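Everything below concerns the one structure shown next.
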Amino acid sequence: GGPGDGRPSLARDVNMAEAIMALSCSTNGQVGVQGWRALGERTGVSFADLAEENAGRRISFTDTQVQPRTVFVSPEWSGLENGGRRYSPFTMNVERRKPWHTLTGRMHFFLDHDWLAEYGEALPNYRPPLNHARLFGAQGLGEEGRPEVTVRYLTPHSKWSIHSEYQDNLHMLRLFRGGPVIWMSRQDAERIGVADNDWIEAYNRNGVVACRAVVTHRMPEGTVFMYHAKDRNLMTPHSEISGWPGGADNSLTRVIVKPTHMIGGYGQLTFAFNYYGPSGFQRDEFVVIRRRSQEVRF
């Protein structure tokens with residue numbers, strides 16, 4: 001009632017979830033229609049047929065509690081999902097001729113900006129990882145009788161999802177190990193006495209992760225990775241190092257701002273929270289890994 005008449009209530013957490021879903025093109029077909037029309041006006045390309053399939057549909061928070069739901073094709077993303085198609089990025093740009101979000105509307109490898117030219121980054125090039133030991137000092141605890149190994153730490157997107165996704169259901173728990181893991185090479189595992197599926201801890205100056213090890217010949221020596229966006233409350237034991245539950249992949253990463261990230265209002269070169277690609281600096285991390293007690297407490 002009053003000034004808020006007709007608008008979503010935010011009185012409870014459920015109301016907030018419903019409001020978010022009511023305002024998203026991915027879950028409210030009517031909002032999606034408006035988004036597709038606006039995109040068509042901006043680009044000169046018609047996308048009306050993409051909106052028609054879900055124009056009268058809406059996914060509520062209650063719906064997601066009953067069973068997983070496939071979201072609607074949305075102008076917020078670059079993939080086409082109509083007709084039960086699985087998401088694949090940039091299919092909208094390639095198949096429907098939606099311009100890329102660049103100055104020319106085409107894909108760019110050469111970035112024509114004075115700052116990038118000054119930094120020697122107008123074209124993609126290799127930058128070696130930071131020398132963390134020189135900048136921050138040794139990160140290992142150096143406890144006697146507790147071998148440790150320092151490795152590069154990567155966090156690729158989840159094998160089973162894009163970003164956040166609840167993993168505490170029977171379907172997801174039956175895939176692979178069911179909980180958070182770090183993949184590491186046989187050579188690195190042998191140095192610290194770790195066998196496949198042992199509990200380990202990875203830590204650096206940013207945080208700590210407690211999880212199981214996947215020991216495999218498929219990982220190169222000196223590098224490990226942990227899949228992105230696993231639930232922090234899923235099979236995550238308390239850490240021996242911190243005493244707190246050993247967190248998710250981003251517990252070990254942080255955001256570093258670079259001068260070229262500050263370029264604004266120049267086509268695709270516009271600063272946004274988190275980081276502007278193509279250089280994800282928070283992924284350029286080193287961690288120390290050691291075997292922990294196999295008796296864990298959740």
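The values are calculated or read from the model by the stated rules, or taken from the named source; none is laboratory data. A quick note: this is a predicted structure, and the numbers were derived from the prediction, not measured. Quick reminder, even Gly has a Cβ in these numbers, built from the backbone with ideal geometry, and neighbours come from all protein chains shown. Ligands, DNA and RNA are excluded from the accessible area calculation, which covers all protein heavy atoms including side chains. Shrake-Rupley method; radii C 1.70, N 1.55, O 1.52, S 1.80 Å.
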Q. For the range 91-175, what is the convex hull (Cα atoms) projected area averaged across all directions, in square nanometres?
A. 11.7
Q: Taking a cut-off of 26 Å between Cα atoms, list the lysines near residue 230, but don't count ones fewer than 8 places away on the same chain.
A: 159
**Q.** Nearest-20 debye value, the range 165-255 charge dipole, Cβ charges on Lys, Arg, Asp, Glu
**A.** 140
Q. How much length, in nm to one decimal, is gained on full extension between residue 198 and residue 95, taken as 0.36 nm per residue of separation minus their Cα-Cα distance?
A. 32.4 nm
**Q.** Largest to smallest principal axis extent of the C-alpha atoms in the range 188-270, angstrom
**A.** 51, 31, 22
Q. Kirkwood hydrodynamic radius for the range 102-143: how many Å is it when counted over pairs of different Cα atoms?
A. 13.6
Q) Going highest first, how would you order 195-207, 134-146 by mean Cβ packing within 10 Å? A) 195-207, 134-146
Q. Simple spin-label model, 7 Å along Cα-to-Cβ: residue 76 to residue 138 in nm?
A. 4.8
Q: Putting +1 on Lys and Arg Cβ atoms and -1 on Asp and Glu Cβ atoms, find which of 296, 167, 22 reaches farthest to the positive end of the dipole of the chain.
A: 167
Q. What accessible area per residue comes out for the chain, rounded to a whole number of Å², with a 1.4 Å probe?
A. 60
Q: Show 116, 170 ordered by accessible area, largest first, where the area counts protein heavy atoms only and the probe is 1.4 Å.
A: 170, 116
Q) By what distance, in whole Å, do the Cα atoms of the range 1-66 stretch along each of the three principal axes, largest value first? A) 41, 33, 16
Q: From the C-alpha gyration tensor of the chain, pull out the three semi-axes of the equivalent ellipsoid (sqrt of 5λ each), sorted largest to smallest, in whole Å.
A: 39, 28, 18
Q. Once the dipole of the range 90-165 is set up with Lys and Arg at +1 and Asp and Glu at -1 on Cβ about the Cα centre, which of 126, 158, 137 lies farthest towards its positive end?
A. 158
Q. Roughly what angle does helix 13-22 make with the longest principal axis of the chain, taking Cα atoms, 0 to 90 degrees, to the nearest 10?
A. 50
Q: Treat every Asp and Glu Cβ in the chain as -1 and every Lys and Arg Cβ as +1, leave all other atoms uncharged, and give the resulting dipole magnitude about the Cα centre to the nearest 20 debye.
A: 260
**Q.** Dipole in debye (nearest 20) - the range 45-169, about Cα centre, beta carbon charges: Lys, Arg +1; Asp, Glu -1
**A.** 300
**Q.** Where labels lie 7 Å past Cα in the beta-carbon direction, separation of residue 160 and residue 43 in nm
**A.** 3.2
Q: Heads up, I need the accessible area for residue 66: 1.4 angstrom probe, whole protein in place, Å², nearest 10.
A: 110
Q: Evaluate E = 1/(1 + (r/R0)^6) for residue 12 and residue 64, where r is the Cβ-Cβ distance and R0 equals 22 Å; express this FRET efficiency to the nearest 0.05.
A: 0.85
**Q.** Helical mean residue ellipticity (222 nm; -39500 (n - 2.57) per DSSP H run of 4+; nearest 500) of the chain
**A.** -5000 deg cm²/dmol
(Q) Just to confirm the number: angle between the C-alpha axis of helix 29-43 and the first principal axis of the chain, 0 to 90 degrees, nearest 10? (A) 80
**Q.** Volume per residue of the C-alpha convex hull in the range 123-259, rounded to whole Å³
**A.** 144
(Q) Let me check the size of the range 64-137 from its C-alpha atoms; what are the radius of gyration and Dmax in Å? (A) 19.7, 55
